[in-house]
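Some notes on the structure that comes next.
The values are calculated or read from the model by the stated rules, or taken from the named source; none is laboratory data. Computed from a prediction, not measured in an experiment: that's the story for all the values here. When we count neighbours, we look across all protein chains shown, and the Cβ atoms used for this are built from the backbone with ideal geometry, even at glycine. These area figures cover heavy atoms from the full protein model, side chains too; ligands, DNA and RNA do not enter into them. Shrake-Rupley method; radii C 1.70, N 1.55, O 1.52, S 1.80 Å.
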Amino acid sequence: MSDLPPPKRDSSSILSSQELTLRLARSRNIDGMLTKNSDSTFEQRATFRLAAEQATRQRNLETIMVMAARHGGETVAGGEPDPDWLTRFLQLAEEIGSVPMQQLWGRILAIELISPGSFSVRSLITLREMTQRDAQLFQRLCALACSYTGSDERRLLTGLYKGATLLSRAKASHLGLGKYRLPYNALLQLFELGLLYKGELESGELPAEGLELVFSNQRWRLRSRQSHNKLLYYRLTPVGNELAHLLEEPPQEEYLQDLLVLLHQGVHIEMAMTAAPAQPEAQDEKGG
């Protein structure tokens with residue numbers, strides 16, 4: 001999936017606050033008193049506004065259905081979603097007017113039809129609270145995240161803790177995530193959205209037989225060069241793990257190279273390439 005585009009801005013003219021207020025009021029059909037519209041009553045204008053809002057909600061839902069159909073394609077459906085889940089999905093999705101965000105909602109429905117139970121209502125509510133900018137931040141996180149073999153829990157590795165030896169003191173080395181467009185204030189935002197657990201965590205000691213990390217197109221087997229070495233990381237929440245399925249991203253190469261250099265201070269790494277995840281919707285939604 002390509003990066004979510006930045007929100008569009010109309011820079012064709014510079015508006016005063018009063019002019020912008022009038023534009024916004026007209027767009028939401030609440031400009032009657034501003035324009036001194038004496039040809040209609042409050043009741044008539046309210047009826048017109050509510051009808052326009054209903055039409056917008058209908059258009060949003062139909063657009064999302066088109067995107068879901070494109071994303072799912074000819075993949076065999078796993079069954080109908082839970083009726084209560086579908087009702088909640090439609091209630092939340094009808095307010096989504098941004099095309100990039102509609103694409104995410106279309107993917108959710110398509111994945112749910114293929115594999116019912118993939119997304120909880122809590123994940124839907126979280127996504128509804130996310131802005132396009134929030135989704136961009138989360139997308140950057142997903143491009144850096146990995147998991148352990150056999151686990152669906154994603155982690156954002158941030159450093160290495162080397163235990164003390166007879167010749168050296170204990171030492172923790174960290175990557176600066178701001179270099180990868182994920183500064184700490186972005187992490188705070190992801191904490192508040194409930195996508196990432198607060199606070200950096202420390203793994204147990206790396207096992208003698210090694211530990212395998214899975215990125216979207218690579219596998220790394222880590223073998224510690226000494227005892228007491230541990231990984232430092234942030235962990236995605238259950239909601240974050242569910243929504244991460246919408247943003248399957250190839251890992252950021254600069255981050256991987258920097259992480260390799262850091263881990264090599266105390267860990268031997270064997271690497272293997274894997275197939276990139278299929279993205280059947282890409283040609284239909286490119287540039288969206």
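Express the carbon and sulfur contribution to the solvent-accessible surface of the chain as a percent, rounded to the nearest whole number, probe 1.4 angstrom. So the carbon and sulfur contribution to the accessible surface is 53 percent.
Averaging the Cα positions of each part gives two centres, and for region 78-105 and region 223-259 these lie 29 Å apart.
Give me the net charge of Tyr180's neighbourhood, meaning all other residues with Cβ under 10 Å from the Cβ of Tyr180; Lys, Arg count +1, Asp, Glu -1.
Details: positive: Arg140, Lys179, Arg181; negative: Glu254, Asp258.
Around Tyr180, the charge tally is +1.
Remark: relative contact order (the chain) = 21 percent; criterion is Cα-Cα distance under 8 angstrom and separation of 6 or more residues.
Selection among Gly176, Gln189, Leu141 by position relative to the dipole of region 87-231 gives Gly176 as farthest towards the positive end (Cβ unit charges, Cα centre).
What accessible area per residue comes out for region 177-252, rounded to a whole number of Å², with a 1.4 Å probe?
Numbers: 3440 Å² over 76 residues.
Each residue of region 177-252 exposes 45 Å² on average to a 1.4 Å probe.
The heavy atoms of Tyr197 offer some 90 square angstrom of accessible surface to a 1.4 angstrom probe.
Comparing mean-square fluctuations of Leu188, Leu15, Leu232 from a GNM of the chain with C-alpha springs under 10 Å, the top value falls on Leu15. Using only side-chain charges placed at the Cβ, +1 for Lys and Arg and -1 for Asp and Glu, the dipole size of the chain relative to its Cα centre rounds to 960 debye.
A simple count of charges around Pro81, restricted to other residues whose Cβ falls under 13 Å of its Cβ and scoring Lys, Arg +1 and Asp, Glu -1, yields -3.
For region 16-30, backbone phi angles converted through the Karplus equation (6.51, -1.76, 1.60; θ = phi - 60°) give residue-by-residue couplings of 6, 4, 5, 5, 5, 4, 5, 4, 5, 4, 5, 5, 10, 6, 10 Hz, Gly and Pro being listed as x. Local charge for Leu50 was computed over the other residues whose Cβ lies under 12 Å away, with Lys and Arg +1 and Asp and Glu -1, and equals +2. Computed over the alpha-carbon atoms, the chain gives an Rg to Rh ratio of 1.08, Rh here being the Kirkwood radius from the mean inverse distance.
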